[in-house]
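One structure below.
Bear in mind that the values in this text are calculations on the coordinates, not laboratory data. In this text the structure is predicted, and so the values were computed from the model without any measurement. Positions of Cβ are generated from backbone atoms using ideal geometry, with glycine treated the same way; all protein chains shown enter the neighbour counts.
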Amino acid sequence: METSEDEERKKREEAEKKKGKYNGMTKEQYEKWHKAWLEETIDVELTETETVTMLVIPGIFVNQDSEEDTQTQKLNKEYKELQQNKIGSDSYMNRGS
């Protein structure tokens, strides 16, 4: 026993078959339309838009002869000492960042 859904599906399938490969056109009509479509000129206008910066990663290098270098050396030394102290503590875990 066919349900109304089955009947609707069959009707759609039949309509698609009738529509066919050429969207309801004969092959000659379709080829004529397709040739005209391929030869159609399309204008494309390119314009420049505002540049938006989405990611900024500041540099990590400093000039050796600057005041920043002295401060960076000091911070690096303190960090290495901290790492050495952590190794001796009970809560130290070696894991990746």
Subject >> Summed side-chain charge close to Val62 - residues other than Val62 whose Cβ falls under 11 Å, Lys, Arg +1, Asp, Glu -1 >> reply: -4
**OP:** Report the calculated FRET efficiency for Ala15 and Thr51 (r = Cβ-Cβ distance, R0 = 41 Å), to the nearest 0.05.
**Re:** 0.20
Original post:
So which aspartates and glutamates can Lys32 reach, going by Cα to Cα under 18 Å and dropping same-chain residues fewer than 8 places off?
Top reply: Glu40
Subject >> Long-range HN-HN contacts of Met25 with modeled amide H, under 5 Å >> reply: none
Subject >> Net charge of neighbours whose Cβ lies under 14 Å from the Cβ of Asn76, counting Lys and Arg as +1 and Asp and Glu as -1 >> reply: -1
**OP:** Using a 10 Å cut-off on Cβ atoms, rank the peptides 42-53, 74-85 from the highest mean neighbour count down.
**Re:** 74-85, 42-53
Subject >> Extension gain from Met25 to Asp6, taking 0.36 nm per residue of separation minus the Cα-Cα distance >> reply: 4.1 nm
Original post:
Residue separation times 0.36 nm, minus the C-alpha to C-alpha distance between Ile42 and Asp69: what's the value?
Top reply: 3.9 nm
**OP:** For every other residue with a beta carbon closer than 12 angstrom to the beta carbon of Trp33, add +1 if it is Lys or Arg and -1 if Asp or Glu, then tell me the sum.
**Re:** -1
